[in-house]
Amino acid sequence: MTGRANFGFGKTLGDLASDARRIRIVCLGLSAIDHVWRVDRLLSGESEKIRSLDYATLSGGMAANAAVAVACLGGSAAFWGRGGDDAAGREMRAALSAEGIDVENFRLFADGRSSVSGVIVDQSGERQIVNFRGSFPEQADWLPLHEVAHASAVLADPRWPEGAVALFTEARVQGIPTVLDGDVADAAIFERLLPLTDHAVFSEPALIAFAGSADDAELAKLMRFNCRVFAVTRGHEGVSWYEDGALHKQASYPVNVVDTTGAGDVFHGAMPSRSAEVWRPARP
């Protein structure tokens with residue numbers, strides 16, 4: 001089957017920007033400093049040296065990038081996460097604040113170490129990433145969960161399970177929709193988060209790692225978690241999703257690919273930045 005259902009994939013960027021002005025999204029999870037090298041080709045996997053054509057240091061991370069996407073579309077975004085009280089952590093906090101994102105609950109721990117990535121991007125825009133996920137306390141008891149009641153939706157990636165469970169649990173109590181960025185993670189993390197998720201959106205590699213396959217039949221089986229929408233993004237092939245028991249597909253729009261780093265993160269941030277009126281309350 002094909003169609004847009006209520007997932008909003010058929011909207012233009014202008015539509016999304018217009019809708020986003022009416023909403024507030026809390027994004028919880030990873031923020032990282034990305035060291036990006038542009039090269040002629042990706043590493044082959046053997047011992048080798050390759051020449052870099054360009055280099056940049058940028059702020060990234062899944063939930064952080066999603067928050068930037070919300071802000072760029074005109075919405076109100078808050079980033080809840082952890083960093084070290086080090087140069088990288090302070091740089092990330094300043095960069096997010098400069099984008100107009102609420103970083104009051106981006107906590108920098110004196111004894112923590114911030115997340116840092118090495119990203120290699122070839123001339124076709126494909127990339128390889130090595131990520132140090134950082135070192136911080138797992139406890140989430142400091143999060144201001146009372147603020148969830150004022151959100152239009154909440155989003156989390158799987159990098160801080162304790163924080164994501166706390167956020168999604170409170171959102172369910174308040175009837176606020178939950179969006180899960182299904183990046184590659186341990187299966188046990190998804191077993192905890194998916195029962196609390198309304199809109200689960202996996203990448204193909206993450207779904208293969210979790211379910212053994214990313215085909216549409218496997219996607220249908222995962223509706224056992226009772227997510228209202230279960231989707232998988234397929235790069236240039238678009239996205240497939242199940243909603244109300246039906247399979248839907250949306251082709252991707254043709255673009256001139258420069259760099260695929262963060263493309264999925266932007267997708268996750270843009271998705272809840274559509275019209276707030278079409279979001280249904282989360283089931284109790």
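Scanning segment 140-159 for residues that are assigned to a helix (DSSP H, G or I) and open to solvent by 10 Å² or more (accessible area, probe 1.4 Å) yields Leu145, His146, Glu147, Ala149, His150.
Yes/no matrix, rows are residues, columns are (1) open to solvent by 20 Å² or more (accessible area, probe 1.4 Å); (2) under 15 Å from Met62 (Cα atoms); (3) modelled with pLDDT of 95 or more:
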| position | (1), (2), (3) |
| --- | --- |
| Ala166 | yes, no, yes |
| Val184 | yes, yes, no |
| Arg192 | yes, no, yes |
| Thr197 | no, no, yes |
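Can you find a residue in segment 160-169 that is part of a loop (DSSP other than H, G, I, E, B) and out of contact with any His (no Cβ under 6 Å at 6 or more places or on another chain)? Yes - at least one qualifying residue is present in segment 160-169.
The number of residues in segment 170-190 being within 12 Å of Leu145 (Cβ to Cβ), in a helix (DSSP H, G or I) and of a type outside the set (Lys, Arg) comes to 4. Restricting to segment 235-284, count the residues that are modelled with pLDDT under 70 and on the phi > 0 side of the Ramachandran plot. Matching residues across segment 235-284 total 1.
Count of segment 221-231 residues, restricted to those that are open to solvent by 30 Å² or more (accessible area, probe 1.4 Å) and either out of contact with any Phe, Trp or Tyr (no Cβ under 6 Å at 6 or more places or on another chain) or assigned to a strand (DSSP E or B) (or both), is 3.
Return yes or no: is Leu155 modelled with pLDDT of 95 or more and touching an Asp or Glu at 6+ places or on another chain (Cβ under 8 Å)? Give the derivation first.
Details: modelled with pLDDT of 95 or more: yes; touching an Asp or Glu at 6+ places or on another chain (Cβ under 8 Å): yes.
Taking the combined requirement at face value, the residue satisfies it.
The values are calculated or read from the model by the stated rules, or taken from the named source; none is laboratory data. Here the structure is a predicted model, which means the values were calculated and not measured. Ideal geometry is used to build each Cβ from the backbone, glycine not excepted, and the neighbour counts take in all protein chains shown. Surface accessibility is based on the protein's heavy atoms, side chains included, excluding ligands, DNA and RNA. Shrake-Rupley method; radii C 1.70, N 1.55, O 1.52, S 1.80 Å.
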